[in-house]
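Read-outs: derived from the displayed coordinates by stated rules, not from any lab. Bear in mind the structure is a predicted one, so any value in this text is a computation, not a measurement. Cβ coordinates were reconstructed from backbone atoms using ideal geometry, including for glycine residues, and neighbour counts include every protein chain displayed.
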Amino acid sequence: MNGRPIALAITGASGAPYALRLLELLIAVGRPVFLMVSDAGRIVMKEETGLELPPDPAATAGLLGERYGAAPGQLQVFAKNDWFAPVASGSSAPEAMVICPCSGGTLAAVAHGLCNNLLERAADVVIKEQRKLVIVPREAPVSVIHLENMLKLARLGAVILPASPGFYYRPQGLDDLVDFVVARILDQLGIETVVSRRWGLSTG
């Protein structure tokens, strides 16, 4: 494993395939991952991918770790009320946090500093410690409420990265569309990837 942990939060917005692909690539490059999945996130995960994540964090870590070939201890999964998790304190804040996909409810909670669960607290910690926060909203259309919450977080330094794949590279299927968005997320984390072709280049 190399580098400080990346926190990944999966919420109940549509877009579970983005989250799984991001997790897969973070593990592939050897980054430690702190994973949080909301209750709604597990429901949407099953609906969109057929993957049923157990409510027990250790079981989820085992399932996903085996699926993506994680090294021992590379993937840690935390329950929504695990206040002893590293992400709950600035003293052990991750290098960066990605909320992918990010629901409108989570967006609002983070924008207003609510800490009703570990996921929200982790985002609050990342903001206060001035670490990078990447938010991947997947909502259409967006209301003024959504836009104002995005603007507030952008002014605090968060990166708002909507799940909006491009088509200039002529995607051949859903996997290509997913990889386009995930590649942009990895760019924000400073992680090199060749999973999606860049504009003007024949390869990634």
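The structure-derived value of Cα extents along the principal axes in Å appears in the list [x] 46, 43, 32; [y] 55, 42, 39; [z] 63, 43, 33 under the label [x]. Across the stretch 89-204, Cα pairs under 8 Å and at least six residues apart give a relative contact order of 22 percent.
Counted by Cβ distance under 14 Å from LEU114, the other residues give a net charge of +2, where Lys and Arg count +1 and Asp and Glu count -1.
Here's the list of lysines a cross-link from LYS46 could span, going by alpha-carbon distance under 26 Å and ignoring same-chain residues fewer than 8 apart: LYS80.
If you sort the three axes of the alpha carbon gyration tensor as a ≥ b ≥ c, you get a/c of 1.5 or more for the stretch 15-123 and a/b no higher than b/c, which makes it oblate. For the stretch 6-188, a crude dipole built from +1 on the beta carbon of Lys and Arg and -1 on the beta carbon of Asp and Glu, taken about the Cα centre, is about 400 debye to the nearest 20. Cα centroid separation, the stretch 140-204 to the stretch 1-68: 18 Å. Once C-alpha pairs closer than 8 Å and six or more residues apart are averaged by separation and normalised to the residue number of the chain, the relative contact order reads 21 percent.
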